[in-house]
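S.K.: One structure follows; several queries about it will come next.
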Amino acid sequence: MSNLTSSDINVNANTYNGGPRTEIKDLTLEVTHGTLPADLSGVAFFGSMCGSVNSGGLPFKKELADGTPNHEFGTPFINGDGMVFSIDMNSPGTVQVNSRLMKTPCYYADEATRINGPADKKKYPFFEFKNLGLSRMSLLLGSRNYVNTTVTPIAFDNDSSPSLLATIDNGRPYKLNPATLELVTPVGYNTEWNSALPPFLKLPFPMFETSAHPSFDPVTKELFSVNYTQSSQTESSRSFLHDFLHHDNASLESQLTDIATRHQEHGNNERSIGELHEMVENFRKTRSKHEGFLSRAIAFVKNVLSNEKNKATETIDQVFLIRFNNKGAFKKWRLTDPEGNDLKISQCMHQTGISKNYILLMNSSFKFAFELLINNPFPHIKIIDRFIRLITSKSMLSTTEMWIVDRRDLNDNVESIKTIKLKNNIPYECLHFSAEYDDTDDQVTIFTAHNNAACFAEWLRPYDINFFTKEAYPDTLVGDFATGEMSVGALGKFVIDARSGETVQEKFIREIGDQLPPVDRIPPGDKPFHKVGPNTWGIGLYTFRDIISPTVPNTRIKRMYFINYGANPMYLTQWIHDLYVDYKNREIPVHDFLAYTKKGIPPSLIAIDTEKMEIVDYFQFDMNAHPMSIQFIPRKERSSDIPPEADGYLIFTTKSPVVHGDELEYVSELWIMDANNIQQGPVCVLGHKDFQFCFTTHCSWLEAAENLKSGYQVDIIKDLQQTIDASMLSFEDKKYTEFFNEFVYPHFKS
């Protein structure tokens, strides 16, 4: 733990350390501050991203080892293989760490075709995967599924013990063995899911849009999630999917560069979009001169695309609710609005919620849409990347839609279900929420986290500049989240009449900090504020007792703990400023917001009394600390004088700043706080030179990490063979068969 305070660090000197892809085996963490609590127990799990098969970790380097440009440079950190960490606290006096890469079948295909990989590039041309926006795709194999976002606890009756579900927003979830951290089985065969890609684009590894936060009911032992598609009638040409399939990359690159250059001169988005459509049509009319495997693929694709009435080129707006009970094929219902029309998701369905009688679905404030999934076949070329972002990106919706499904309507004999639409959208943007299980009298209570005037689907590009300094970012930060916000965050509590969709009660917490001076009294100089007071600047991840427990429903949520990222001037880009400068739902004027941000608001941790909706405890971090994932852990033995909702510990990952001379570096640490007294700071800090991560995502906790014997299992080889047989390139399935027999199937043979 650093002894520095925020006033000792110049925020403009901030650089960020990355993390390796190295798996950890039985590593005992060292106590670097305080004392390890004797009544700490259980196993915590943290998700993480760790780069590509080529990168060696994060960040993505600008050049390869041989000095040539790295085409993965500029890739968002979120586009990377999943790594799960287990933090075992069940041996008194020690904390032991293990970690493992999430090796889905597509991982082995990616590993085989990586730079200098074992697969013969001449024998398997165009099999290699490339980073495209938030996705990684292969021209002839399909989409990577990283399962890198959450680790959700589940406990099915026909499993030997509670386990975890590794998830992502654009791929099937996988059951995870908590003892070994190995993936056990996907949920559902590929054929049970609806692909997010146009129907003609059938490849061995499909892409599925779903929720990174499915909902498990610990009472009924059911898992609920969604599988949805979004209309591609206008998006596909703008996202360059058609052109990505084209063989003539040099010509495509040249023409895109020409259009981008002209756009710099005239700045007319509509004119440029017209030029793009014209270019697409010209490509479709071009006759391939290539022979062999690829030419046949291109001919097939062009034949499909040439027929404008062919529905194979289009996806449509559909949302399916999935119920999985670990006993075979899952049940799926098509959801409609109250008028019977298909639901339309304009952003994503990152979060779901559940109560005793209802399922809640949200149009979450994360642009996990097609335009960011596959937005540029040439991300390494700045002028093209800048141009495509400019004409396709848009700000988040400033309010949030929600739909409610009555679980009593889930009849196996029906194919579709009408939802109840929340009549008044939730004010502000919302990415995460939690629902109380108790819904007596059809009154559902939810708690919401609002990242206002922000966009976590955006990332720092090589050409981005800082809003305040107008300077470019160091290479080590390129790809990091563009976490700069343009308004103060908020926390909400809503009581909803689920039968009618009416909001019965709503209340918000939105605080700038009672220790901040008025704007006209901000002290001169570039040192950040020393004291801010309880606030909601930069709402991050949160936790509470029994959050997503596999065995205990959170009947009432009485206290919640939120990490706030604050406002670091280093992370406000010119792009985010311009995207949200006209944001309407402000707590304070934009001039005041920018003045406080320029000075620097340190990150913090707050405890919320949900009955009063008040901040009741508060801790402020060093200005340049990066608190990340947080998990509530109940004390091993109940305390008689502490309410249950505060009777435990908060464990969270953080990157802590350390100064070496003039350089600011970071160490990866695990902090432990008393949940009943967070203002005193960490009671224990642990670390180790071999315990390193770039950043972590969502986390969870189990009483024990038992070896899982799954009562459900997908036959991976059968599953993949089904998608290969149905592939649009099945006329050349010998290529696939040879490749999968050599590089993928051996990892899944018993």
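The values are calculated or read from the model by the stated rules, or taken from the named source; none is laboratory data. Predicted, not measured: the structure shown is a model, and the values here were computed from it. For neighbour counting, all protein chains shown are included, and Cβ atoms are generated from backbone atoms with ideal geometry for every residue, glycine included. All accessible areas refer to the heavy atoms of the entire protein, side chains included, with ligands and DNA or RNA removed. Shrake-Rupley method; radii C 1.70, N 1.55, O 1.52, S 1.80 Å.
S.K.: Among 145, 116, which is under 25 Å from residue 459 (Cα atoms), open to solvent by 10 Å² or more (accessible area, probe 1.4 Å), of a type outside the set (Ser, Thr, Tyr) and assigned to a loop (DSSP other than H, G, I, E, B)?
M.R.: 145
S.K.: Further question on the same structure: For the range 410-462, give me each residue that is open to solvent by 30 Å² or more (accessible area, probe 1.4 Å), part of a loop (DSSP other than H, G, I, E, B) and of a type in the set (Ser, Thr, Tyr).
M.R.: 428
S.K.: Being under 30 Å from residue 389 (Cβ atoms), surrounded by 19 or more Cβ atoms within 10 Å (Cβ to Cβ), modelled with pLDDT of 95 or more and within 17 Å of the chain's Cα centre (by Cα): is that true of residue 151 here? Outline the logic, then answer.
M.R.: On the way: under 30 Å from residue 389 (Cβ atoms): no; surrounded by 19 or more Cβ atoms within 10 Å (Cβ to Cβ): yes; modelled with pLDDT of 95 or more: yes; within 17 Å of the chain's Cα centre (by Cα): yes.
So residue 151 fails the test.
S.K.: If you scan the range 600-609, which residues turn out to be farther than 18 Å from residue 573 by Cβ and in contact (Cβ under 8 Å) with a residue 60 or more places away in the chain? Working first, answer last.
M.R.: Just the residues of the range 600-609 that are farther than 18 Å from residue 573 by Cβ, to begin with: 602-609.
Across the range 600-609, the qualifying residues are 602, 603, 604, 605, 606, 607, 608.
S.K.: Is it the case, given these coordinates, that residue 72 is part of a loop (DSSP other than H, G, I, E, B), touching a residue at least 24 places away in the same chain (Cβ under 8 Å), open to solvent by 10 Å² or more (accessible area, probe 1.4 Å) and of a type in the set (Asp, Glu)?
M.R.: yes
S.K.: Scan the range 638-661 and tell me whether some residue there is in contact with a helix residue (DSSP H, G or I) (Cβ under 6 Å, 6 or more places away or on another chain), open to solvent by less than 10 Å² (accessible area, probe 1.4 Å) and in a loop (DSSP other than H, G, I, E, B).
M.R.: Scanning the range 638-661, I find no residue that is in contact with a helix residue (DSSP H, G or I) (Cβ under 6 Å, 6 or more places away or on another chain), open to solvent by less than 10 Å² (accessible area, probe 1.4 Å) and in a loop (DSSP other than H, G, I, E, B), so the answer is no.
S.K.: Also, quick follow-up: Can you name every residue in the range 568-580 that is more than 21 Å from the chain's Cα centre (by Cα) and within 22 Å of residue 621 (Cβ to Cβ)?
M.R.: 568, 569, 570
S.K.: Go through the range 643-696 and give me each residue that's out of contact with any Lys or Arg (no Cβ under 8 Å at 6 or more places or on another chain) and of a type in the set (Val, Ile, Thr).
M.R.: 651, 653, 654, 658, 659, 672, 678, 683, 685, 696
S.K.: Something else about it: From (1) touching a residue at least 60 places away in the same chain (Cβ under 8 Å); (2) under 23 Å from residue 139 (Cβ atoms); (3) surrounded by fewer than 19 Cβ atoms within 10 Å (Cβ to Cβ); (4) not aliphatic (A, V, I, L, M), pick out the condition that doesn't hold for residue 741.
M.R.: Condition not satisfied by residue 741: (1).
S.K.: Here is a follow-up. Here are some conditions: (1) open to solvent by 70 Å² or more (accessible area, probe 1.4 Å); (2) modelled with pLDDT of 90 or more. Residue 56 meets all but one. Which one does it not meet?
M.R.: Single failed check for residue 56: (1).
S.K.: Further question on the same structure: Looking at the range 475-529, which of its residues are assigned to a loop (DSSP other than H, G, I, E, B), under 30 Å from residue 134 (Cβ atoms) and open to solvent by 10 Å² or more (accessible area, probe 1.4 Å)?
M.R.: Correct list: 480, 483, 485, 510.
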